[in-house]
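The numbers here are math on the coordinates, done by the rules we state, and not lab data. Remember, it's a predicted structure, so these values are computed and weren't measured experimentally. Cβ placement follows ideal geometry from the backbone for every residue including glycine, while neighbour counts extend to all protein chains displayed.
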Amino acid sequence: GNAGLNGSLPSSLYELSQLQQLDLHGNMLSGTISDEIGQLSALTLLSLFDNRFSGTLPSTLGLCVYLEYLYIHNTNIGGTVPDDVCSLTTKSLSYTEDYWAFSSDCLHGNVSTTPFIMCECCDVCCDHVSHQCIQLDTSILSRTINIKEKLERQVLQRNATFSGMDNDDP
C-alpha cells in the first residue's frame, strides 16, 4: 500500500488467479472495481481503503471464498454490499478479536451523505469525511437478530392460537 499509484486498476490484474493478497491502500487509485474481481479466487486480503474508487462492490467478489480481510473504507464505493459478499462472513470473512475483517463507509449518521454503503455484515463502519471508524459489537448484533427471530416466532405462534379459537368463546 501507499506506493503513490494513480489511475484505474489494469484489467491484467484480474488474470492473477493465484494472487492471495492485494494491498493497494493509501494511493490515488480511481475507477470502479470490475466484476472480474471474482477471478481472484485465491484472494485472502483485499485492502483498497484510502483511495478514490467509485461505483459499487461487485457481487462476484463473493466468489473469493478464501477472503479473510476486506477493507474498503475511505473510498467512494457506495450502494449496498451484495448478499454474495456478506455470505463470506459465515465462511472466511469473519471478525476476530485481533483483526477487523470487513470495514466500509457504513457508519449511520455519516457526516457526508455520500459515499455511504449499506452493509449488514461489516464489523467496522467508518465515516468518509471524519475518517472515524467504529467497531460494531457483532455479539450484540447476533443477540439482536436472535431476539428478533424469537419475537417473530412468538407472534406467529400467538396468531396461530388466536386463529384456532372459536368466536363464540367469552
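Find out how many positive minus negative residues lie around Leu13, taking Lys and Arg as positive, Asp and Glu as negative, among other residues whose Cβ is under 15 Å from that of Leu13. That sum, taken over residues with Cβ under 15 Å, equals -4. For the pair Ser41 and Gln20 in one chain, pulling the backbone fully straight at 0.36 nm per residue adds 6.7 nm over the alpha carbon distance.
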